[in-house]
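Below is one structure, written out as structure tokens; comments come after it.
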């Protein structure tokens with residue numbers, strides 16, 4: 001009898017917990033806009049990090065669970081790693097836009113807007129480039145790391161697109177070749 005009571009209690013508590021958890025996540029706004037906040041932004045990160053993004057082309061990464069957190073946290077400075085360690089991955093996620101390795105300074109990343117339509121999250125960013133005089137000769141790897149508040153239902157199967165000057169320049173997860 002005691003065993004049946006425990007089983008019934010568990011069967012009751014699991015749906016109750018799921019309901020309460022879903023009540024903590026606000027609905028997606030009609031325009032699909034997602035609220036985000038910068039955790040770290042660097043224009044000269046190439047030599048100051050434990051690990052780093054070393055490709056020449058732009059990239060978008062998403063940190064939405066402990067596995068992706070462990071994989072990518074070394075790509076950020078101390079401020080970014082500290083913010084990521086405090087991130088509640090149930091109600092938020094983090095994403096980072098990398099401009100790619102550059103051979104001079106003067107480059108930069110600015111995320112302008114993040115929206116969601118169905119299972120596609122679009123990150124609109126602007127890439128700064130040095131003027132005619134160029135920047136100092138140095139290897140740089142500009143990026144911006146942001147925290148995104150989840151709104152609406154989230155789960156597997158969401159695709160993230162990075163759009164710069166109206167063109168999709170990166171997708172996460174990266175499609176299989």
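The values are calculated or read from the model by the stated rules, or taken from the named source; none is laboratory data. None of these values were measured; they are calculated from a predicted model. For neighbour counting, all protein chains shown are included, and Cβ atoms are generated from backbone atoms with ideal geometry for every residue, glycine included.
Evaluate the stretch 136-148: report whether one residue or more is modelled with pLDDT under 90 and either part of a loop (DSSP other than H, G, I, E, B) or out of contact with any strand residue (DSSP E or B) (no Cβ under 8 Å at 6 or more places or on another chain) (or both). Quick ask: steps written out before the conclusion?
Residues of the stretch 136-148 that are modelled with pLDDT under 90, as a first pass: 136-141.
Now restrict to residues that are either part of a loop (DSSP other than H, G, I, E, B) or out of contact with any strand residue (DSSP E or B) (no Cβ under 8 Å at 6 or more places or on another chain) (or both): 136, 141.
Scanning the stretch 136-148 turns up at least one residue that is modelled with pLDDT under 90 and either part of a loop (DSSP other than H, G, I, E, B) or out of contact with any strand residue (DSSP E or B) (no Cβ under 8 Å at 6 or more places or on another chain) (or both).
If you scan the stretch 78-111, which residues turn out to be assigned to a loop (DSSP other than H, G, I, E, B), over 14 Å from the mean Cα position of the chain (by Cα) and surrounded by fewer than 19 Cβ atoms within 10 Å (Cβ to Cβ)?
To start, the set of residues in the stretch 78-111 that are assigned to a loop (DSSP other than H, G, I, E, B) comprises 86-91, 99-101, 105-107.
Cutting the leftovers down to over 14 Å from the mean Cα position of the chain (by Cα) gives us 86, 99-101, 105-107.
Hits for the stretch 78-111 are 86, 101, 105, 106.
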**Report entry** residue 32 touching a strand residue (DSSP E or B) at 6+ places or on another chain (Cβ under 8 Å), at positive phi and modelled with pLDDT of 75 or more
**Finding:** yes
Query raised in the report: Across the stretch 43-72, what is the total count of residues that are at pLDDT 90 or above, touching a strand residue (DSSP E or B) at 6+ places or on another chain (Cβ under 7 Å) and either farther than 23 Å from residue 157 by Cα or not in a loop (DSSP other than H, G, I, E, B) (or both)?
Result: 8
